[in-house]
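Beneath this line is the structure, given in structure tokens, with notes to follow.
What follows draws every value from the coordinates through simple rules; no lab data is involved. Just so it is clear, the structure is predicted and the values come from calculations on it, not from any experiment.
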Amino acid sequence: MMTIIFENYQKTYELPEHADPKHLASYVTPNNMLVIEVPIHNLEAERRIAQAKNDNQSLAQFGQYRDLLFDYIGFLAGSDFQPRIVDKGNNRKQLEMSIGMKHYRPDEIKVSVKNNELIVQDEHKHKNKNRSERSFFFKSTILPPGTQLDQLQSRLTDGGRLKIETPYIEQKEATKSIENPKK
């Protein structure tokens, strides 16, 4: 529980599950907005990383040849997006991902890709005569080689999950290492 007390103002918030109040930071912006940041310790993501390291079968979905520089285990296990490669038949595969966005409106959600990084963000504003609140959501993940970025599509399901889909093409040969240039 966190309580903020000003001379004539008090506001109490329940911290999210697994929030780390020991590393809470707060500051006031130049336009007098109080900003409070607290990191969230994601036990589920840590469990998925440990499980993926022991599960070579999960890597098989990316094909026989994989980019040696890309962290496939980190992508699968460390991502809140719950990624998976789905075989669509006829030698076609699709990368499917989803993330909970239950309390967000579709017109507030922005999905973009920059330098192979999928970015999902939202800014929610609430204002009435007594107060003004803004909340932000930001999640990102680096997409694996073979992801067809120009065909990426997203939609919000009735259950409040943002579903992201795009074709995925397996690499046909192993990635060659880059040699140091000769002097």
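Summary table below
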item	result
Share of alpha-carbon pairs per 10 Å distance bin for the range 80-171, given as whole %	15, 44, 26, 10, 4, 1
Value of relative contact order over the range 107-178, rounded to a whole percent, pairs C-alpha under 8 Å and six or more apart	22 percent
Distance violations [Cα-Cα > 19 Å] among Lys139/Lys172; Lys11/Lys110; Lys93/Lys172; Lys11/Lys127; Lys102/Lys163; Lys110/Lys163	Lys139/Lys172; Lys11/Lys110
